[in-house]
Structures are given as structure tokens and as C-alpha cells.
Amino acid sequence: MAEMLPALGLTMRLAGVTALLLLFAGTPLAWWLARTHSAARPVVEAITALPLVLPPTVLGFYLLLLFSPTSPFGGFWVAVTGSTLTFSFTGLVLASMVYSLPFMVQPLQAAFESVDDELLNAAASLGASPLDRFFSVVCPLSVRGFLNGVILTFAHTVGEFGVVLMVGGSLPGETRVVSIALYEYVETMRLDAAHQLAGILLAFSVLVLVIVYTLNRRYRMRIA
């Protein structure tokens, strides 16, 4: 069990950082998608949802090319920071943000779309600025969307395999997350360790779903 702790700790850190960064990056995108009448909206929605249908290894392959030091973006990153994005924790965070983007944006978008325009108009008539209206009206009414987005993003990041394998590989303490560790246990026929780690992931997945459904049920009962 002790040898699993570094992978578990790294995975929790990766999922936490990814969920936090996506909360800030995904909120304005979700608000724009919920309120815009732009003709570009379907295209942006399709790009946002792409990780839901694109095989993770395909997404990981293109991210690996993007993060490579020989690419313009990867080369710029090396020039600025002195380190590469490939096979690094920072690269895993950026890749995880792309991979888990729809799990943050879609719950938020649905929550924002459910906010009654009359409430926003009433707040505007009282002199509230757009930013005031967002924080004083929209956010309190969208708590369920924020909770669902954060929880689902965190859980989805914990379970990712193909993207982290392509971008991060398996560097102990740096990129070796639990899904990679589980794969290596099975590959080396260490089935007892694989059973323990798989059991932890299974229990975590069930717990996440119970929390999400409980929160949704309580929210529906509160507004009923």
C-alpha cells in the first residue's frame, strides 16, 4: 500500500489543480456560451465537447505534438521557463484541463441558462453592473452547477489514462498517476496490488456519484 501513496498523492494534486484552474477558465466560457447569440457558438460548443467523443490517445497524441519543444508553442514554453511541457507535471495539468474541459463547462452552462432573465433585468434596473449581477444573482442561483462541475472535473481527471500516458509517460513522483500505476501492476502481473488500487478507484467513483446525485436531489427538493 505504501508504494501506491506517491501515485495517489500526485493524482489528487493533479485533479485538484486541474479543477481549480478550470473553474476560473471555464466559468467565463460557460457564461458566454449560455448568453451569446453568435453564429460561432455551435463551433465553440463542439470544440469544447470534443474530449467527450475523441479517443483519449488521439487527443494525447495531438497534445504531445503541441507540447513538443520542436513546436512553436512548446518551443516558446522552453524559451520562457527553461523546462519542457512533455513528461512534466505542468504538461499533465494543461493536458488534463483540455481533457476535462466539458465536465466543467457543460454543468455551468446549463446552470447559467436556467437563470431567469427577469431577475437580471431587475438587478440592472436597480443599478447593478454586469459584474455585480453575475456575482450577486447568477452565482447564488448556479451553486449546483459549480459543485457538479468541480466534482465531475476532479473525478474525471483522477480516472484519465490515455492522455496522461501520451503526454506524461510514467515518471515516479512526476507523472506516474494511479491509472498508469494500475496499468503497470497488471502488465507485470502484480495482481494483488492491482486489485487494491482498482478497489480504491472503484470506491472513489461510487462516492463521487453518490455525492453528485445527493446534491442534485437536495437542490430539486429545495426549489420544489
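We did not get these values from a lab; they are worked out from the coordinates using the rules stated. Note that the structure is predicted; figures quoted are calculated from it, not measured. Note: ideal-geometry Cβ built from the backbone for every residue, glycine included; neighbour counts use all protein chains shown.
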Counting only residues that are among the polar types (S, T, N, Q) and surrounded by 13 or more Cβ atoms within 10 Å (Cβ to Cβ), which one in region 1-56 is nearest to the chain's Cα centre (by Cα)? 18
Against the condition touching a Gly at 6+ places or on another chain (Cβ under 8 Å) and either in contact (Cβ under 8 Å) with a residue 12 or more places away in the chain or of a type in the set (Ser, Thr, Tyr) (or both), how does residue 98 come out, does it pass? no
Only one residue in 80, 93, 98 is exposed (fewer than 15 other Cβ atoms within 10 Å of the Cβ) and either touching a strand residue (DSSP E or B) at 6+ places or on another chain (Cβ under 9 Å) or assigned to a helix (DSSP H, G or I) (or both). Which one? 80
Every residue in region 16-70 that is in contact with a Gly (Cβ under 6 Å, 6 or more places away or on another chain) and either without any contact (Cβ under 8 Å) to a residue 40 or more places away in the chain or hydroxyl-bearing (Ser, Thr, Tyr) (or both), please. 57, 68, 69
So, residue 52, is that one out of contact with any strand residue (DSSP E or B) (no Cβ under 7 Å at 6 or more places or on another chain), in a helix (DSSP H, G or I) and under 30 Å from residue 133 (Cβ atoms) or not? no
Of the residues in region 28-42, those that are closer than 10 Å to residue 109 by Cβ and either out of contact with any Lys or Arg (no Cβ under 7 Å at 6 or more places or on another chain) or polar (S, T, N, Q) (or both) come to 29, 30, 31, 32, 34, 35
Against the conditions (1) within 18 Å of residue 166 (Cα to Cα); (2) out of contact with any His (no Cβ under 8 Å at 6 or more places or on another chain); (3) surrounded by 15 or more Cβ atoms within 10 Å (Cβ to Cβ), where does residue 108 fall short? Just the number, please. (1)
